[in-house]
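Below: the structure, in structure tokens.
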Amino acid sequence: MPTEDNGDKKATKKPAKAIKGFTNEERGAMRERVQELKADKADGESAVLAKLGEMPAPDRALGERLHVIIKASAPALSPKLWYGMPAYARDGKVVCFFQPAHKFKTRYATFGFNDSANLDEGALWPVAFALKELTAAEEARIGELVKKAVS
């Protein structure tokens, strides 16, 4: 008569694997996002200004100028951090954001819009722009885009 083999095999638990496919910078941004969700939401502007102050000179100058342009163009938007980046939201939804070049080690910073921005033009429209510097023309264009995004 066959007997049931309970054996002396121990159930081994495999260690959790690191998330593959993400760069260290992307994992860092995800960790920052978790902290942002836990943080007090009362003073987003202070958090954005502090984050801008931590950036290297070229990104800091772009980010600070964008902050002024966005606040002037759409005072209804609330500054907040989003994945460790300065962002501007309406009703809790991020409308636009500034991704500094140093964050993901890219050759240019990015100013982008999320799908809550009212920028639709036909079947195709840009939602992100590479930034290396801001001239009066770029500042005017960004101001117009931000106004349209919140219209």
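The values are calculated or read from the model by the stated rules, or taken from the named source; none is laboratory data. None of the values given here were measured: they were computed from a predicted structure. Cβ atoms come from the backbone with ideal geometry, glycine included; neighbour counts cover every protein chain shown.
Evaluation of Asp91 against the conditions (1) at pLDDT below 95; (2) touching a helix residue (DSSP H, G or I) at 6+ places or on another chain (Cβ under 9 Å) shows that the sole unmet condition is (2). Scanning region 53-82 for residues that are in contact with a Gly (Cβ under 9 Å, 6 or more places away or on another chain) and either closer than 22 Å to Met30 by Cβ or among the polar types (S, T, N, Q) (or both) yields Met55, Ser73, Ser78, Pro79, Lys80, Leu81. Selection of region 104-151 for residues being at pLDDT below 95 and not in a loop (DSSP other than H, G, I, E, B) yields only Phe104. The C-beta contact set for region 92-111 (first residue over 15 Å from Glu54 (Cα atoms), second residue surrounded by fewer than 21 Cβ atoms within 10 Å (Cβ to Cβ) and among the hydroxyl-bearing types (Ser, Thr, Tyr), distance under 6 angstrom, 6+ apart or interchain) comprises Lys93/Ser116; Val95/Ser116.
Residue count for region 113-144 under the criterion of being within 18 Å of the chain's Cα centre (by Cα) and either of a type in the set (Phe, Trp, Tyr) or within 15 Å of Ala74 (Cα to Cα) (or both): the result is 5. Residue pairs whose Cβ atoms lie under 9 Å apart, sitting 6 or more positions apart in sequence or on different chains, and linking a residue in region 20-39 that is of a type in the set (Ser, Thr, Tyr) to a partner that is at pLDDT 90 or above and in a helix (DSSP H, G or I), are Thr23/Phe104.
One residue is enough: does region 87-98 have a residue meeting the conditions surrounded by fewer than 22 Cβ atoms within 10 Å (Cβ to Cβ), in contact with an Asp or Glu (Cβ under 9 Å, 6 or more places away or on another chain) and either of a type in the set (Phe, Trp, Tyr) or farther than 20 Å from Ser151 by Cβ (or both)? Within region 87-98, not a single residue is surrounded by fewer than 22 Cβ atoms within 10 Å (Cβ to Cβ), in contact with an Asp or Glu (Cβ under 9 Å, 6 or more places away or on another chain) and either of a type in the set (Phe, Trp, Tyr) or farther than 20 Å from Ser151 by Cβ (or both).
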